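Chemist: Take this structure first; my questions come after.
We did not get these values from a lab; they are worked out from the coordinates using the rules stated. Quick caveat: nothing in here was measured; it's all calculated off a predicted structure. Because the Cβ atoms are built from the backbone with ideal geometry, glycine has one as well, and the counts that use them run over all protein chains shown.
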Amino acid sequence: MLLTRLLYTSQATRALELTAVRELNDLAQAKNRADGITGLLGYNDPFFVQCLEGPRSVVSRTMERIYRDPRHSAITLIEFAEVKERVFGDWGMKLVLPGDMAPGEFRRVCELYGGVPFSPSRMTVGNALRFLLELAPGPVRVLG
Ligand code: FAD
């Protein structure tokens, strides 16, 4: 099996209630679990940043559906690469919202990797992954 990681950013086409983002993520998580996909989805209105990990063909099919989704646009692919192992190994799709983080924490991570004001479409591949790893609550595999 060819294991891959895909990173992209996009913008919500209209303001989304956080409950709508949570619902979106719950459905994504259920589909991803069934498909063997893991990853993390960050949302800071209006930006999404997502990492999908899994077999190349399955990640491609999932991304095809995500591209067609009218809830977001301006999808910018940051990385689609072969990897040796997953870093978000236990999460069908972990959702991270700035409001769920400690006060000031989101700004700190943005200053380190995402810019202030937050500008994910300008992130380098390395910074996009480090950004998501910093957002991730709890232990994830540290990259060598
Ligand atoms: P169906 O459920 O049959 O829906 C048909 C169409 O309606 C699709 O184009 C769908 O995108 C759209 N749609 C579905 N629900 C809504 C809604 N509430 N409002 C407006 N349009 C809607 N899916 C995954 O499987 N894994 C992921 O990791 C994942 N991440 C996502 C991240 C983001 C930022 C977004 C916006 C969506 C994500 N999705 C993810 C959802 C994905 O885009 C599809 O909606 C989902 O996979 C179902 O696909 P389907 O072809 O079965 O569509």
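Chemist: Take residue 84 and residue 116, extend 7 Å from each Cα along the Cα→Cβ direction, and tell me the distance between the two endpoints in nm.
Modeler: Inter-label distance under the simple model: 3.6 nm.
Chemist: Using the Cα centre as the reference, give the magnitude of the dipole from point charges on the C-beta atoms of the stretch 57-113 (Lys, Arg: +1; Asp, Glu: -1; all else neutral), rounded to the nearest 20 debye. List each step's numbers first, then the result.
Modeler: On the way: 9 positive and 9 negative charges, 37 e Å.
With Lys and Arg at +1 and Asp and Glu at -1, about 180 debye.
Chemist: Can you give the helix-only mean residue ellipticity at 222 nm for the chain, where every DSSP H stretch with n ≥ 4 adds -39500 (n - 2.57) and the sum goes over all residues, rounded to the nearest 500 deg cm²/dmol? Don't skip to the end; give the middle numbers.
Modeler: Values: 4 runs with 47 residues, N = 144.
-10000 deg cm²/dmol, from helical runs alone.
Chemist: Okay, moving on. When the gyration tensor of the stretch 10-68 is built from Cα positions, what are the square roots of 5 times its three eigenvalues, in whole Å, from largest to smallest?
Modeler: Calculated on Cα positions only, the semi-axes equal 21, 12, 10 Å.
Chemist: Can I ask one more? In Å, what is the Rg of the alpha-carbon atoms in the stretch 93-136, and how long is Dmax?
Modeler: Radius of gyration, then largest Cα-Cα span, for the stretch 93-136: 9.9, 26 Å.
Chemist: Rounded to the nearest 0.05, what FRET efficiency do residue 22 and residue 1 have when you use their Cβ-Cβ distance and R0 = 22 Å?
Modeler: Calculated transfer efficiency: 0.10.
Chemist: In addition: Starting from the alpha-carbon convex hull of the stretch 44-144, give the projected area averaged over all orientations, in nm².
Modeler: 6.9 nm²
Chemist: Where in the chain are the DSSP H helices whose C-alpha atoms run 20 Å or more along the long axis and whose mean Kyte hydropathy is at least -1.0? Please list the in-between numbers first.
Modeler: Details: long enough: 18-35 (25 Å, -0.66).
Correct list, ordered by number: 18-35.
Chemist: Would you work out the charge dipole size for the stretch 1-124 about its Cα centre, treating the Cβ of every Lys and Arg as +1 and the Cβ of every Asp and Glu as -1, and quote it to the nearest 20 debye?
Modeler: Details: 16 positive and 15 negative charges, 47 e Å.
Approximately 220 debye in magnitude.
Chemist: Continuing with this model, one more query. Treat every Asp and Glu Cβ in the stretch 40-83 as -1 and every Lys and Arg Cβ as +1, leave all other atoms uncharged, and give the resulting dipole magnitude about the Cα centre to the nearest 20 debye. All intermediate terms of the calculation are to be shown ahead of the outcome.
Modeler: On the way: 5 positive and 6 negative charges, 43 e Å.
The dipole magnitude comes to about 200 debye.
Chemist: Along the charge dipole of the chain, which of 136, 19, 91 sits closest to the positive end, that is, farthest toward it, with unit charges on the beta carbon of Lys, Arg, Asp and Glu (+1, +1, -1, -1)?
Modeler: 91
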